[in-house]
Structure formats: C-alpha cells, structure tokens
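Step one of this worksheet: look at the structure below.
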Amino acid sequence: MNALLNVIQEDGAPSSPAVSAKERPCVLLAGLPNAGKTSLFNRLTGLRGHTANFPGTTVEVREGALRIGSTEVYLLDLPGLYGLDGGSLEQEAARAVIRGEAEGIPKPDAMIIVVDATRLPHQLPLTGELRAQGIPVVVALNMYDEVEKRKVHISLERLSEELGAHVVPISAREGIGISALLEQLERLLLERATFKEVPPRLAACSTCRGCVVTARCHWADEVVKNAAAESSILRSSVADKVDEYCTSTLVGLPIFAGVMFLLFFSVFRLAAIPMDWIDSGFGELIALVQYLIPEGTVSSFLTDGVLAGLGGVVVFLPQICILFFGIKLLEDSGYLSRAVVVMDGIMRRFGLPGQAFVPMLAAHACAVPAIMSSRLIENPRDRLRTILVIPLLTCSARLPVYLMVAVLLFGDNAFAGSLVFVSGYALGAVAAICVSLVLQRSLVAGTPSRLAIELPPYRMPSLRDALQSALDRGLMFLKEAGTIILMISVVLWALSSFPQLPAPPARADSSQVVAVSGEVVPAQPSALEYSIAGRVGKFIEPVFAPLGFDWRISVGVLTSFAAREVVVSALAVMSGIEGEVSEDDPGFINSLRRMRRPDGSLLFDIPTALSLLVFFVLAMQCLPTQVMTYRETRSLRWPLLQFGWMSFMAYGAAFVTYQLASIFVG
Amino acid sequence: MPSVDPLSHCNRSARLTDVQAGEEGVVERLDLEADERFRLMRLGLVPGRRVNLVKRGSRFLLATAGARLAIDRALAAHVYIIRSQDIA
C-alpha cells in the first residue's frame with residue numbers, strides 16, 4: 001500500500017482556494033458497469049445520496065452532494081455505460097446529460113471517469129469516448145490496490161499522458177486515494193477553461209473511416225501497451241474453471257437453484273421478524289388512537305383509513321429491502337451475470353431473454369421495483385414482454401391471501417397449507433410463461449435477443465453498497481407504491497363508511513338474516529351493506545356468483561382492485577360486522593370460516609376458497625404496478641391491456657376452478 | 001462435429017464454433033447484421049483483438065482484452081477468428 005500512498009503524495013495538488021461558490025458545480029460520475037462507480041459514489045457522498053429519475057424519463061440516476069473545502073458540488077452518477085452511441089434509454093439519458101441537454105440538470109463542469117485498473121483494455125475505449133465530449137475529466141483508476149497486490153506495473157504518468165487527463169489511483173471499496181481524487185477534481189473545477197486538449201491520437205481515431213468502436217478499442221490497446229506491462233491484463237484460470245461450471249446446465253443449474261433457495265429462505269425467514277414488529281407496532285398505534293379519540297368517524301378514519309393503509313404498505317418493506325440487499329450482493333460478487341447465462345437457455349424458450357430473470361426475481365417481492373429493474377434489458381420488445389408478465393408472479397402482497405386460504409382450507413396443517421403457497425407460486429409462474437408465449441406470437445412479436453453479456457470478475461461484495469441499494473429500493477417503493485396505496489385506503493374507507501346508517505347500528509342484530517318461505521330478507525342492513533361499497537357489492541354480486549363469491553367477497557374483490565392485500569382486512573371487517581366473532585376464539589379466520597350464505601351453507605367451502613385463491617393469483621389488482629407500466633411504456637395501451645387480460649384470465653380460471661371443484665367436492 | 005467450410009483452403013479464418021476450447025486467435029470479422037454486430041463490438045470483441053475460447057456449449061465463454069464474455073452459440077457461429085497456430 002506504501003507505493004500507492006507515495007503515488008498519491010507525488011500527485012497531490014497544492015492547497016488551493018475553494019472553488020468559486022457562486023453556484024454548485026455539477027460533476028458527473030461515469031464508467032462501465034461494474035467499474036466501481038456506485039462504490040465511489042457512496043464513498044464520496046456518504047449515505048446522503050439518493051436515487052432519482054432523469055427528468056421526463058424512467059431512467060434512474062443517483063444524485064448527491066459532495067463537499068470540497070467550503071464548496072458544495074452536485075454529483076450525478078450516470079448509469080453504467082458501454083458507450084454513448086447505443087439506443088437504450090440509459091444511453092440516451094447519459095448522452096443528454098453529458099451534452100448539457102437534459103432538462104433540469106445543469107451543464108456538467110467536470111467528469112470523473114471510473115476505470116477498473118485490473119481490466120484496462122476493456123475499460124479504456126469508453127474513457128476515450130467520454131474524453132472526446134469536451135468536458136474536463138479526471139480518471140479514477142479504481143481497484144488499484146488489487147493491481148498492486150498482484151505486483152502488476154502500470155505507469156500512471158504514461159497513462160495520464162496517453163489519456164490527456166489526470167489519473168488518480170484509488171480503491172473505492174477501501175477508501176484509498178479519495179482525498180487525492182478530490183484535490184484533483186477541485187483543481188479541474190478551478191482550471192475550467194484550460195483543461196488539456198484531447199490527445200491527438202484519440203482525436204484522429206474518431207475520423208477513421210472504419211468502425212469507430214474498433215478504432216477506440218485499438219487505441220485502448222495501444223495505450224495499455226505503452227503504459228502498462230503485458231501482464232496488466234489479469235486473467236485467472238481459477239475464474240475460468242469456476243465459470244465453466246457456473247454456466248453449465250449440469251452443475252450451474254443446481255448451483256443456481258441453491259443460491260435462489262438461500263436467497264428466498266433468508267427473505268422470508270429474516271423478514272418475518274421486522275414484519276411482526278411492524279404489525280404489532282401498528283396494532284399498538286391503532287389501539288392508542290382508539291383510546292385517545294372517542295369512537296366515531298374521526299377515529300375510524302384514522303384507524304381504518306390512514307393507519308390501516310400505512311401499515312399495509314410498510315409491512316412489505318422488510319421483504320423488499322432484504323431481497324434487494326441479496327440481489328445487490330449477488331450482482332457485486334459477479335454471480336448474477338453467470339445466473340443470467342444459465343437462465344438464458346431456459347427463458348428463451350418462453351420468449352424472454354436471460355436478463356429478464358433479474359426483474360422476475362425482484363417481482364417475487366414487488367412488481368413495482370421489478371418493472372423498474374427491467375431496464376437492464378436492452379431490446380425494447382424483450383423489455384415490454386417482461387414488464388407485461390411481471391405482475392403475474394407472486395408478489396408479497398399476495399401472501400396474506402395465500403395464507404388466509406391456506407388456513408381456511410387446512411387450518412393448522414402446515415404441510416397442506418404450504419401446498420397452497422406452492423400452487424400459488426406455480427400457477428403465477430405458469431401463467432407468466434403462457435402470457436409471454438402468447439405475446440411473442442401476437443402483440444409483441446419477435447425472438448428474444450441472443451445473449452451477449454460481460455461476465456464481470458468475481459469479487460467480494462460490499463455490504464455497504466448492498467445496504468445502500470436496499471435502502472434506495474425501500475424508499476422508492478414507499479414513494480411509488482406507498483402514496484398510491486395510502487390514498488386508495490382512505491378512499492375505500494370512505495366508500496365503505498358512507499352513507500352511514502341512519503340509526504346507530506345495534507351490532508348484535510343489525511344483520512340478522514331471517515329466512516321466510518325460502519326467501520331471504522335482511523331485517524336491517526349492516527353498516528357496510530348500507531354504504532356505497534356494500535351497495536356496489538350487492539349490485540355486482542351476480543357477476544361474481546359463478547365464481548362462488550357472495551356480495552361480501554365481491555366487496556372484498558372490489559376494494560382490493562387497487563391493492564390486493566386489502567381483501568384480507570376487508571373480509572376481516574365484514575366478518576366482524578356479521579357479529580359472529582366468538583369470545584373464546586377471536587381469530588378472524590375462524591370467524592371467516594363461520595360466515596354463511598343466506599341459505600345457511602358455509603360461505604368459504606372448498607370450491608369458493610380455491611376459486612378465491614386462483615382469482616387472486618391471476619388478477620391485476622395493483623394500481624401502483626399499473627402506474628409503473630404506464631410510465632415505462634409511455635402509453636396507456638399496455639396497462640389497460642394488462643388489466644384486461646389479467647382480469648379475464650382470473651375470472652375464467654376462477655370460474656373453471658369453482659365449477660370443477662363443486663362437481664368433485666360436492 | 002465441426003462443419004467443413006468449403007472455402008477453408010483459401011481462407012485461414014475459422015468460425016468460433018469450429019474452434020476448440022482453450023484455443024486462441026485474433027478476431028477477423030463479425031459476420032452479423034448491424035445490431036448484433038454492434039452489441040458484440042461494444043463488449044470489446046472487435047476485429048484485430050486477441051480472443052481466447054474458454055468454453056463451448058449453447059453459450060460460448062470467451063476471454064478478450066481483459067473482459068470475459070458469454071455469447072449465444074448462434075452469435076459465435078458468425079464470429080471468425082484466425083487461430084494463433086495459423087498465424088505462426
């Protein structure tokens with residue numbers, strides 16, 4: 001490490017006055033994927049950076065503030081790039097930012113190009129391209145500690161000369177060289193007008209008649225030849241061997257299955273603990289509000305509307321954060337790319353590219369961040385197909401429904417109950433495959449692009465970066481999904497509370513059902529029945545009757561159209577209103593179990609419970625997802641279509657399930 | 001079985017699919033339509049660069065210029081290289 005420190009001291013800038021403070025200078029952070037950009041960003045901004053969207057697009061960018069002396073610098077982390085001349089959304093956005101054409105983002109004053117020192121020939125073509133954009137640059141030669149450890153020599157002076165930019169050796173992960181980088185950046189911002197010209201050899205390249213990319217690669221090879229020893233291209237035969245196994249079907253697939261099992265096991269096991277806390281925390285809060293505010297509309301608004309809505313959102317945070325923590329660890333370790341290779345063979349058969357596996361993995365926590373992470377798929381048609389099937393995969397919001405059905409059907413039998421979960425997951429996955437195949441042959445035709453990806457070197461993942469990613473995703477979920485779900489919760493509360501019953505309802509007999517000569521006459525409607533939601537439920541009861549749903553389940557389905565987990569609490573409320581909760585057995589599922597139809601038969605018989613399960617696996621009941629689909633596809637057509645066919649599938653499949661089950665069960 | 005290129009007598013280049021794992025060579029050309037060609041080139045697989053075939057199969061693993069790539073066999077079939085042994 002001494003050599004590195006020496007280099008930094010030699011290269012250190014004289015102490016200079018702080019950059020002019022009249023306005024925040026804008027500094028970009030650019031580099032290839034896996035060059036360590038995010039690590040450096042986190043190093044530079046602490047945990048104060050946050051993820052935002054490029055104005056007018058859905059491309060994510062991390063932005064943060066950075067202090068150099070007394071000056072605050074606006075730091076923008078561009079998406080990982082292979083070049084600026086591609087057509088993906090991220091490249092378009094990056095290009096606009098670099099050229100100062102992005103709305104709402106200041107023209108950049110300087111750029112830090114992050115380069116992985118262990119893979120120079122692969123990294124430098126982009127440096128050359130970025131170098132030619134007319135922005136002062138400083139090159140952060142990342143993972144320099146690794147280069148030193150392996151005693152590979154890179155002449156920083158020569159490299160600087162060749163690139164026409166200052167090169168600062170750093171290790172973003174270890175936090176080495178950061179202050180030297182900042183000094184260099186400060187100098188760059190001060191000398192704004194007099195930055196070095198683009199080196200002549202590189203400038204000549206862009207006028208080559210042949211392919212610009214080839215020219216840049218050859219330029220990079222030349223630079224490396226002049227500045228570093230031949231052995232600077234680190235290649236490990238161990239990694240070759242590991243890759244051979246990890247990407248093969250015979251060994252790679254079982255490894256993949258094992259990794260996924262571990263990931264999901266920890267998601268569900270670990271998340272259960274904070275989820276319990278959140279659950280009981282909100283229970284306490286509700287009790288507190290009920291204690292402080294006398295029973296009435298206000299108290300009910302706060303508890304059944306606001307707190308129930310908030311609780312319903314926050315409870316999913318642990319699973320989402322843990323899943324993204326795990327995904328980031330896998331990504332940083334380099335394994336995720338190998339998993340993409342393994343999955344590509346399987347997914348292509350279903351009309352999806354291997355890269356679609358990452359968003360589909362995320363979809364098992366929540367479709368909202370999953371749709372966002374589908375951006376890594378380059379081909380727009382592949383991306384669209386992926387986005388359209390994502391909502392069919394079992395997200396965490398379906399789990400309360402699966403659990404309810406499992407307990408309704410099998411009570412405490414854990415083994416039989418887990419079958420409900422397995423079939424829910426399987427049905428969702430099969431439906432996703434079928435929809436993708438149909439789309440591929442109809443609306444979104446075309447074979448998925450053929451696999452061509454980089455396999456980044458295996459590295460020890462950084463917990464710090466994974467934590468940051470988990471926090472980011474959690475906040476994003478709260479922002480994107482949370483606000484919508486909370487709003488809906490309040491609206492639904494209003495719909496199911498108004499108009500209120502004229503007289504204070506006498507709970508015990510308000511909804512007594514009296515059968516007179518075979519006809520069913522409610523003595524007096526319950527509060528819910530009297531409300532708008534209840535009336536609508538009654539009105540549409542005939543629509544859902546073929547699925548075995550009565551008006552109460554219909555209300556549940558209606559209230560959950562915007563957020564599916566709501567059905568559980570809606571049914572809980574209704575079973576309570578039925579007045580059949582017994583003192584010694586307060587579990588609401590047991591009260592659900594005792595709910596009866598007007599003819600006296602049990603409401604949740606086996607066919608109804610199964611049909612409810614099937615309906616909730618397949619139905620599009622998530623407004624945040626629909627909003628996300630709209631924003632990603634920039635068209636109303638796709639979210640509407642998604643809603644249409646998923647509802648149709650859900651209804652059809654639930655109908656078949658109910659009718660078949662009724663025949664078999666009796 | 002490697003297919004026999006009818007022009008092999010006058011052309012020393014070979015498709016990646018006809019190269020054995022562990023062999024090394026220099027990329028000669030990418031005989032692909034513009035989009036796919038560009039995707040490979042952007043990953044650093046450009047004519048004139050040395051490439052090493054790490055593994056064959058339905059997905060080919062290559063090592064080139066400090067990067068390790070995985071590409072579909074169908075793409076590999078259109079990447080022509082001149083084997084180091086043929087240069088020598």
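The values are calculated or read from the model by the stated rules, or taken from the named source; none is laboratory data. Quantities reported herein were computed from a predicted structural model and do not represent experimental measurements. Here the Cβ positions follow ideal geometry from the backbone for every residue, glycine too, while neighbour counts run over all protein chains shown. Side chains are part of the model used for accessible areas, which takes the heavy atoms of the whole protein and leaves out ligands, DNA and RNA. Shrake-Rupley method; radii C 1.70, N 1.55, O 1.52, S 1.80 Å.
Can you pull out every residue in segment A:313-335 that is at pLDDT below 85 and open to solvent by less than 20 Å² (accessible area, probe 1.4 Å)? Of everything in segment A:313-335, those that are at pLDDT below 85 and open to solvent by less than 20 Å² (accessible area, probe 1.4 Å) turn out to be A:VAL313, A:PHE316. Would it be correct to say that A:ARG507 is assigned to a loop (DSSP other than H, G, I, E, B), farther than 30 Å from A:GLY175 by Cβ, at pLDDT 90 or above and not assigned by TED's automatic domain parsing to the domain that holds A:GLU174? Judged against the criteria, A:ARG507 is not a match.
Residues that are of a type outside the set (Asp, Glu) and modelled with pLDDT under 90 within segment A:137-154 comprise A:VAL147, A:LYS149, A:ARG150, A:LYS151, A:VAL152, A:HIS153, A:ILE154, listed in sequence order. If I filter segment B:69-82 for residues that are modelled with pLDDT under 90 and crowded, with 16+ Cβ neighbours inside 10 Å, do I get at least one hit? Scanning segment B:69-82, I find no residue that is modelled with pLDDT under 90 and crowded, with 16+ Cβ neighbours inside 10 Å, so the answer is no. A search for C-beta distances below 8 Å between a residue of segment A:433-462 that is of a type in the set (Ser, Thr, Tyr) and any residue that is part of a loop (DSSP other than H, G, I, E, B) and open to solvent by 40 Å² or more (accessible area, probe 1.4 Å), counting only pairs 6+ apart in sequence or on different chains, returns A:SER436/A:PHE350; A:SER449/A:GLU378; A:SER449/A:ASN379; A:SER462/A:ARG173. For segment A:66-80, the count of residues that are aliphatic (A, V, I, L, M) and over 32 Å from the mean Cα position of the chain (by Cα) is at least one. The set of residues in segment B:28-43 that are of a type outside the set (D, E, K, R) and facing another protein chain (nearest Cβ under 8 Å) comprises B:PHE38, B:LEU40, B:MET41, B:LEU43. Looking across segment A:538-552, the residues that are closer than 20 Å to A:GLY600 by Cα and part of a helix (DSSP H, G or I) come down to A:LYS538, A:GLU541, A:PRO542, A:PHE544, A:ALA545, A:PRO546, A:LEU547, A:TRP551, A:ARG552.
Taking (1) assigned to a helix (DSSP H, G or I); (2) more than 24 Å from the chain's Cα centre (by Cα); (3) at pLDDT below 85 in turn, A:GLU295 satisfies each apart from (1). From the list A:LEU310, A:LEU263, the lone residue that is over 30 Å from A:ASN34 (Cα atoms) and assigned to a helix (DSSP H, G or I) is A:LEU310. The condition of being surrounded by 16 or more Cβ atoms within 10 Å (Cβ to Cβ), within 27 Å of A:ASP382 (Cα to Cα) and among the β-branched types (Val, Ile, Thr) holds for only one of A:VAL438, A:VAL401, A:VAL405, A:VAL444, that being A:VAL444.
Restricting attention to segment A:337-354, the residues being open to solvent by 30 Å² or more (accessible area, probe 1.4 Å) and not aromatic (Phe, Trp, Tyr) number 3. Exactly one residue out of A:ILE105, A:ILE112 is in contact with a strand residue (DSSP E or B) (Cβ under 9 Å, 6 or more places away or on another chain) and at pLDDT 85 or above, and it is A:ILE112. Scanning segment A:413-459 for residues that are hydroxyl-bearing (Ser, Thr, Tyr) and within 14 Å of chain B (Cβ to nearest Cβ) gives A:THR447, A:SER449, A:TYR458.
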